[in-house]
1. Please specify each residue of segment C:228-284 satisfying the condition of being part of a strand (DSSP E or B) and closer than 30 Å to C:GLU197 by Cβ.
2. If you check A:SER498, A:SER507, which single one turns out to be within 12 Å of another protein chain (Cβ to nearest Cβ), modelled with pLDDT under 85 and within 15 Å of the chain's Cα centre (by Cα)?
3. Would you be able to tell me the number of residues in segment A:400-414 that are surrounded by fewer than 20 Cβ atoms within 10 Å (Cβ to Cβ) and part of a helix (DSSP H, G or I)?
4. Go through the residues of segment C:210-224 one by one and say whether even a single one is farther than 28 Å from C:HIS21 by Cα and surrounded by fewer than 20 Cβ atoms within 10 Å (Cβ to Cβ).
5. Take the residues in segment A:315-325 that are touching a residue at least 24 places away in the same chain (Cβ under 8 Å) and facing chain B (nearest Cβ under 7 Å); name whichever of them is surrounded by the most Cβ atoms within 10 Å (Cβ to Cβ).
6. Filter segment C:207-227 down to residues that are part of a strand (DSSP E or B) and more than 22 Å from C:ALA271 (Cβ to Cβ), then give me how many there are.
7. Looking at B:THR268, B:THR230 in this structure, which one is at the interface with another protein chain (Cβ under 9 Å from one of its Cβ atoms) and closer than 27 Å to B:VAL157 by Cα?
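The values are calculated or read from the model by the stated rules, or taken from the named source; none is laboratory data. Treat the numbers as computed from the prediction; the structure is a model and nothing was measured. Cβ: placed from backbone, ideal geometry, glycine included. Neighbour counts: every protein chain shown.
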Amino acid sequence: MTQLSDLEFLKLSKGQKFGYKVSRFFLGIPKAILGFFLKIWEGLKKGGTAVGREVSDIVGTFIHGDWKTKLSFFIMGFGCLARGQILRGLLFLLFEIVFIGFMILSGGYWLSMLPSLGKVGPSEEYSEVLDAYVTKYNDNSFQILLYGVLTIFFIIAFIYTWRVNVKQNKMAEKILASGKKLKSGKDDLRSVVDDQFHKTLLALPMTGIIVFTALPILFMILVAFTNYDGTHNGYTNSLFTWVGLDNFNTMLSWSGGAGGTQSYAATFGEVLLWTLIWAFFATFTNYFLGMFVAMAINKKGIRFKKGWRTILVLTIAIPQFISLLYVSKMFAKNGIVNGFLMDMGWITQAIDFFGDASRPWLARVTVILINIWIGIPYLMLITTGILMNIPADLYESAKIDGASGWQQYRKITLPYMLFVTGPYLLTSFTGNMNNFNVIYLLTAGAPTNAAASSAAGSVGYTDLLITWLFKITTGAESQYYMASVIGILVFVVVALISLIVYNLLPSIKNEEDFR
Amino acid sequence: MSEATAKRHMGLKTSRAITNTAIHVLLIVISIIWLIPFVCIVLQSFRMESTGQVGYVVPKVWGTGNYVKLFETDFPRWYTNTFIAALATAVLQTIIVLCMSYTLSRFRFKMRQPLMRFMLILGMFPGMLTMIILYRVLKDLGLTQTNAVPGLILVYVASSGMGYYVSKGFFDTIPMSLDEAARVDGATRAKILYKIILPLSKPIVIYTVLTAFMGPWGDYVFARYIAFGTSAGKNVAVGLYDWLNKDQISSYYTMFCAGGVLVALPVTILFLFLQKYYVEGVTGGAVKG
Amino acid sequence: MASVKLTDVKKVYDNKVTAVHDFNLEIKDKEFVVFVGPSGCGKSTTLRMIAGLEDISGGTLEIDGEVVNDLQPKDRDIAMVFQNYALYPHMTVYDNIAFSLRLKKVPEDEVYDRVTNAAKILGITEYLTRKPRALSGGQRQRVAIGRAMVRNAKVFLMDEPLSNLDAKLRNQMRAEIILLRQKLDTTFIYVTHDQTEAMTLGDRIVIMKDGFIEQVGTPQEVFDTPVNLFVAGFIGSPQMNFLKANLVKGGSSYYVELLDVKLPLNDEQNAVLAQKGVGSQEIILGVRPEHTTVLFDNAEGAIECTIDVNEMMGSELHLHLRSKNDDKIIVRLPTVDLSKEQRASLSYGNKMYITFPAKVMHLFDPETEKSLIDG
């Protein structure tokens, strides 16, 4: 199909234009897929060449370096010390000593136990001192996994530092050869607050993130491949071991789970579907209604603008758990809402909003509506800021051209808003997928989905993947490994959606349109 | 003038007046709906005739008994726990977030993009996953149950660097030419931060402190996990939540309302005073970042 | 094509500030009228009232004989070009221009014809599928004009359309607007703060200051016969020279006394002054630089000045002179026939002499600032 010239394209009718665009899109798919694989291949090649370059650089440094450099390969920091950079040399040396000491004392042990995650479980032993049987804790799978991973990290850190040490030797030789001086300890200290200040500033936050988020996540990913749960918690009961992809098979299998009537996969599918529906409605109802309220308050001729905004903003101030818990009780069978409805004579019997398993959609819709109450003030704030930035003469021009209020909204306000808030909408969507508080505090997942609950622990009709995860973790069996599997799958879904949407977003394609 | 033209001439002014009145009515309705739950909570906290959940709002017998009873429970302990946690978090988290967002905004270094992408991906994992292992680690360090507060603070603060978006968006709006002028004058990067950028950043600093302070008051998940077992280690969220479960609600409902009011009070008052900064933070940085 | 009539139109804002006072003007069909004046004089406000973007606080506005005070902008059949172009950033040039036509439900093939036609006239056919961000300032300008053109509206309003362009482009676009006017044959109302644009483009110019109309007339009229000090100083570049002087009545004729030099007036001026019964008084004498002759040596009836600054403009020099009673005078001196010695003598402090004929003298009353002869 030939590509039309600009003028020819413009001549087509609306339907023809659409058809043209669609067919070009589909024709482009094979090319896109091919391009994707090519990119991966290119990436691999680049990675390979980079590694190759590093290795040859290291070898070259050894061969061409002087004796100080060669020694530094074995005694880190020697080169620095020998060339007068005492501070750096000492730091490198210290690191090497600590590392070697660690590896000898415990690192080696953890690494060796990693493949098996411990062999000897707790045992009963007779203690003469106490004249009774005492439980002796032997191997601890949890610790093995944890410290084993830490050891691997440590090793990687060591290799990196060693590489830096080698590189510095090479650079030092070059600098001295050209007659310049090396950086002294004082220079280094000064650069901590100057050109290397970013590293100083990032040190603490990044350490926190890596230790408290990245490592735990990595750990939990690994747990998904074990059978760590309440009965196999690694030391008091029995050890846990690697089970490979078993857990994933269980989760994604369509056959029944242990003794239940519904398979894991079916439950997962149900919960996933509701999670997506919920995220969609939660995000977009709040977005458009919040925008509508913002536009209403912002309109010329409306008084007490600040007052309206303050009232709405107050709801953000109140801690969410109070609002949510209280509102959830308001909708209880003997709660205020039912009381009010009955007083008005609109209903004769109390509506069980959150407990009626035969009308799951009642609970679901109620939850979405309550979420609107929570979310609008925040969205109103955001959209107000953006609305004020749209150039006024766009609207004036449209007015003169004859556009009605609705047309102005569709052709000017909406495109502009969607452009600016595109990325925000995406993060809002994924955030809502993981919006634990709203669902848990309002309904704790109720009403309970009996069919699904048997296999996979208690699951309700308003449960999101993440609340289900929480229940599994704190439930009777504490099936941590299942929780990890769900966590990983959630990540996959979120990552996929983000990738696709991010590439489709007009914000990215037409970024400069609005400058 | 013909009738048709007369109709056209009604256009501008009257149609605008009608629309505006309609909107005012709508806004009044919205305000009422939004404030209802809070009005209800406050009213019910003064109810003396029963302590369970009922279907009406206005108390028949008024009194402050519920508030008094609060002090006979562990509520004061929970309150102090949460308050200390909030205070510490407000300070520490602000420092960490500002360090992170300032760096990402001002400096261009090789690992910048990979770093931001890395944190983006980390954020895609449900935060709850980390709970289990963090609990174990904290337990081994003795920072759980009765000593839950330091443990909570540590967890809240440690990974707070990931929440840099809004602050970074704000810093992006400060022109780089200020930094450059200072460098020409001979200032180190650290000095630029203290003497130039921070004084200009009052709104975003206040915003960050405010949101950091508000966080611990509403955390249910993590606080529950860490305080596991003991009552003294709970924070207000966990404590009040338990009062509303099936066994306790009949005696504790009104106390929940009273407790809720006390919890909401400091945060709301703080918020009202600092509202301007919060709004500026949200509208300015939230979407640009 | 239509006539526009404003009767006692005024604009008062909520805070009681009056932006436009009692504006009276009749614009004929197909006339090109320019509102010109310094910032804040009310010219844009008046234009926006005509467009319907601002409410009219008092008076009547008629388009083609119909009172339109309360009509929405879209019902007034006007088109407008904005200072910042106001192009819809997410639409292509084609869609931008077609926007108003599509709102009126014009069939697509007619839209195609009209848009491509306008594009051809403006020379932007190759940009039809581009978005505004991919265009230069001048091209965006043309798109904005194109968008207004296709409406075939009765009145064409332009709000400082050339202010955002650089000097060279501005000159170019000025010529193009003149060409456009010939092609379009509609009533134009144009707002600018640049008096050159006003002079070159307008059939008639409306000079405004602080919400009042100072003078209405053809370019030649406001140049030759300004009715007050403001108009005299606003029109013409470089600005007219103003000198403190005295008007002396000697019997039936008058003369101007300036620094011991007596400058007699001509017959027409004498007649007008006599008819108005003007007596001897202090005046402000206005003479345009282009009407002043500058001499290197003293002559009969010449006024002595010293040089402050000379600006080399290429084909001529602008000399900034200072008279004995500290009045500043600018004169223009062509460079092509100057000798070397003459050029060398053009330095600070040297004496020069200026003369001018009676007919180029403008006399203004120092208090009312009105012209004693014109208006």
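1. Filtering segment C:228-284 down to residues part of a strand (DSSP E or B) leaves C:228, C:241-250, C:253-258, C:261-264, C:281-284.
Answer for segment C:228-284, where residues must be part of a strand (DSSP E or B) and closer than 30 Å to C:GLU197 by Cβ: C:ASN228, C:ASN241, C:PHE242, C:LEU243, C:ILE284.
2. Working: A:SER507 fails: within 15 Å of the chain's Cα centre (by Cα).
It is A:SER498.
3. Initially, segment A:400-414 is screened for residues surrounded by fewer than 20 Cβ atoms within 10 Å (Cβ to Cβ), giving A:402, A:404-410, A:413-414.
This time we only want the ones that are part of a helix (DSSP H, G or I), so: A:405-410, A:413-414.
Adding up the residues that qualify gives 8.
4. Here is the first cut: in segment C:210-224, the ones farther than 28 Å from C:HIS21 by Cα are none.
Checked segment C:210-224: no residue is farther than 28 Å from C:HIS21 by Cα and surrounded by fewer than 20 Cβ atoms within 10 Å (Cβ to Cβ).
5. Filtering first and then ranking leaves A:SER323.
6. Of segment C:207-227, the ones part of a strand (DSSP E or B) are C:207-209, C:212-217.
Still in the running and more than 22 Å from C:ALA271 (Cβ to Cβ): C:207-209, C:212-216.
Within segment C:207-227, residues that are part of a strand (DSSP E or B) and more than 22 Å from C:ALA271 (Cβ to Cβ) number 8.
7. Numbers: B:THR230 fails: at the interface with another protein chain (Cβ under 9 Å from one of its Cβ atoms).
Checking each option against the conditions leaves just B:THR268.
One line per residue, one yes/no per condition, for (1) modelled with pLDDT of 90 or more; (2) among the hydrophobic types (A, V, I, L, M, F, W, C):
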position: C:VAL155; (1), (2): yes, yes
position: C:LYS168; (1), (2): no, no
position: C:GLN172; (1), (2): no, no
position: C:ALA175; (1), (2): no, yes
position: C:LEU179; (1), (2): no, yes
position: C:PHE188; (1), (2): yes, yes
position: C:ALA198; (1), (2): yes, yes
position: C:ARG204; (1), (2): yes, no
position: C:LYS209; (1), (2): yes, no
